[in-house]
Amino acid sequence: MRRKALISVLSCAIILGAVFFSTAIGSDTSAATTVPEFRSGVSTKLGVAVDFDVLESRVDAIYDIIESDDTHIIWKFTGTTGDWAFVYADGRLVVASKVNLDLSAKDTLEKEMNDVLDMLNAVGGKISTAKREHAIEHAIYYAGEPGVYHRIKYKFDTNFNLHLSVPECTVKKARLTVEGYDYGSTYSNPETNGQHYYIDGEEVSGCRLTHCANSWEGISCRNKRSGTGCTGYVSLKPVSIQKNIPYGVHTITTLDIEDEHTMYIEAYTSSATKKVVLYSDDYSIWIPETTKSLTLDKLMSIIEPCYPRKMHIEALQPENNFNVIKAIAVPISVNVTDRCGNVIDSASVQVAFENGDTTLLLAHVNDGIYNGTWVPWNVGHCNVTITAIPPSWQTLEPESVIINGTVSML
């Protein structure tokens with residue numbers, strides 16, 4: 001009987017470009033699985049407990065299991081796309097595909113990611129709607145080049161005038177989608193019911209409600225009768241805005257907005273060093289994209305075997321054999337990951353000094369980087385011990401690393 005495993009950090013991937021490799025998946029290298037030529041994929045991050053026995057039985061009833069033991073399960077979405085799902089007891093999850101990434105492939109991958117989350121939920125994962133939405137919106141993508149897929153999500157309930165900053169890149173595909181409700185009344189002016197969206201003055205999407213008995217006029221709006229008034233659930237089909245948002249800053253405006261909606265702007269681009277940002281004139285509204293892209297070597301570190309899973313601490317500042325001056329502030333910076341290269345961003349990182357200086361607690365900045373400031377006081381040789389203690393929900397042991405140096409008077 002397998003133990004109930006903690007699926008604690010589900011690492012992620014959307015992969016661009018062809019990469020071929022063969023590797024042994026899991027800890028049993030005697031039964032190597034040849035991984036096909038993946039060209040795209042998706043993953044997410046959350047913490048849930050899953051019974052691997054039940055998970056295997058559910059998966060086996062629908063899909064082809066490629067490999068399974070106490071540490072992981074891999075299956076193939078047979079009968080659909082042929083994509084692969086990887087779920088590990090140490091928290092790694094990847095859905096990978098042999099199809100090149102575009103916005104259509106991205107939709108398929110996101111659906112499969114939700115299918116995996118549904119499966120985990122069905123075997124005791126207890127994934128709430130809020131956790132699911134957060135996981136999907138904050139996916140980490142892997143590609144031959146960074147900054148390939150961008151996604152902005154903005155909620156609003158009134159007309160707005162905002163700016164969209166597109167980094168220097170080639171926009172290969174881009175689309176705008178809107179979801180929400182419009183509540184009209186039989187006494188409402190039909191000319192003000194509906195919604196319209198403009199980019200740099202050109203209308204790119206919208207619809208209008210003529211009267212309660214009729215459906216919406218325009219781009220894929222749907223409505224239904226509700227008592228004596230009208231309640232319309234609005235789902236504007238994705239419209240292409242590729243030609244509307246080349247490199248630069250664009251103005252996005254709306255008309256006839258009276259109810260709450262959510263707008264999604266997605267773009268598939270060449271390499272970009274900056275993020276897409278939606279903001280107001282006074283910068284009080286500031287919506288950066290919620291995704292990020294990493295390179296294929298990071299993908300390799302996710303699916304390669306890296307058991308037993310341990311924490312890894314890299315001391316960035318100060319370096320080993322340091323020489324610092326008494327009473328002069330010294331920045332301390334460390335990077336905390338696991339052996340697979342997955343970021344650990346919820347650890348407690350402490351720094352102790354052999355010379356008797358006060359122990360420090362470092363603060364997490366981003367992407368597993370923890371920073372602090374040490375003001376050395378006691379002169380002489382000084383070993384510095386950095387200890388990372390994982391959060392209680394992760395199945396990891398604390399880890400320490402020692403760097404040495406000297407505190408001098410001058």
Notebook entry, point to check: What are the residues in segment 353-392 that are aromatic (Phe, Trp, Tyr) and either at positive phi or in contact with a strand residue (DSSP E or B) (Cβ under 7 Å, 6 or more places away or on another chain) (or both), if any?
Noted result: PHE353, TYR370, TRP374
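Here is a check on your reading of the model: is GLU203 surrounded by fewer than 17 Cβ atoms within 10 Å (Cβ to Cβ), in a strand (DSSP E or B) and at pLDDT 90 or above?
Details: surrounded by fewer than 17 Cβ atoms within 10 Å (Cβ to Cβ): yes; in a strand (DSSP E or B): yes; at pLDDT 90 or above: yes.
The answer is yes for GLU203.
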Margin query: I'd like to know if segment 74-81 contains one or more residues that are small (Gly, Ala, Ser) and either at negative phi or touching a Lys or Arg at 6+ places or on another chain (Cβ under 8 Å) (or both).
Written below: no
Next item on the list: Determine the pairs where a residue that is touching a residue at least 24 places away in the same chain (Cβ under 8 Å) and over 28 Å from ALA327 (Cβ atoms), located within segment 384-410, has a partner that is part of a loop (DSSP other than H, G, I, E, B) and among the basic types (Lys, Arg) with Cβ atoms under 8 Å apart, the partner being 6 or more residues away or on another chain.
Entry: THR395/ARG309; LEU396/ARG309; LEU396/LYS310; GLU397/LYS310; GLU399/LYS310
Next item on the list: Within segment 354-381, track down each residue that is surrounded by 13 or more Cβ atoms within 10 Å (Cβ to Cβ) and among the β-branched types (Val, Ile, Thr).
Entry: ILE369, VAL375, VAL379
Item checked: Yes/no for HIS312 being in a strand (DSSP E or B) and without any contact (Cβ under 8 Å) to a residue 40 or more places away in the chain -> no
Note to self: If ALA122 satisfies all but one of (1) crowded, with 17+ Cβ neighbours inside 10 Å; (2) hydrophobic (A, V, I, L, M, F, W, C); (3) farther than 13 Å from LEU46 by Cα, what's the number of the condition it fails?
What the structure shows: (1)
Check: Which condition number in (1) at pLDDT 95 or above; (2) closer than 28 Å to SER400 by Cβ is the one that VAL249 fails?
Finding: (2)
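Quick grid of which residues meet (1) modelled with pLDDT of 95 or more; (2) more than 30 Å from HIS138 (Cα to Cα):
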site: LEU316; (1), (2): no, no
site: LYS326; (1), (2): no, yes
site: ASP345; (1), (2): no, no
site: VAL349; (1), (2): yes, no
site: ALA352; (1), (2): yes, yes
site: ASN355; (1), (2): no, yes
site: LEU361; (1), (2): yes, no
site: ASP367; (1), (2): no, no
site: GLY380; (1), (2): no, yes
Next item on the list: Residue by residue through segment 97-115, note down the ones that are modelled with pLDDT of 85 or more and buried (at least 23 other Cβ atoms within 10 Å of the Cβ).
Entry: LEU109, MET113
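Among residues belonging to segment 109-145 that are in a strand (DSSP E or B) and aliphatic (A, V, I, L, M), point out the one that is nearest to VAL50 (Cα to Cα).
Taking segment 109-145 as the starting set, the residues that turn out to be in a strand (DSSP E or B) are 140-143.
Filter once more, so that each one left must be aliphatic (A, V, I, L, M): 140, 143.
Values: ILE140: 22, ALA143: 29 Å.
The qualifying residue nearest to VAL50 (Cα to Cα) is ILE140.
For segment 146-159, enumerate the residues that are modelled with pLDDT of 80 or more and either part of a loop (DSSP other than H, G, I, E, B) or surrounded by fewer than 14 Cβ atoms within 10 Å (Cβ to Cβ) (or both). If you could, list the steps in order and put the result at the bottom.
As a first pass, look at segment 146-159 and keep what is modelled with pLDDT of 80 or more: 148-159.
Across segment 146-159, the qualifying residues are VAL148, LYS155, ASP157, THR158, ASN159.
The values are calculated or read from the model by the stated rules, or taken from the named source; none is laboratory data. Because the structure is a prediction, the values reported are computed rather than measured. When we count neighbours, we look across all protein chains shown, and the Cβ atoms used for this are built from the backbone with ideal geometry, even at glycine.
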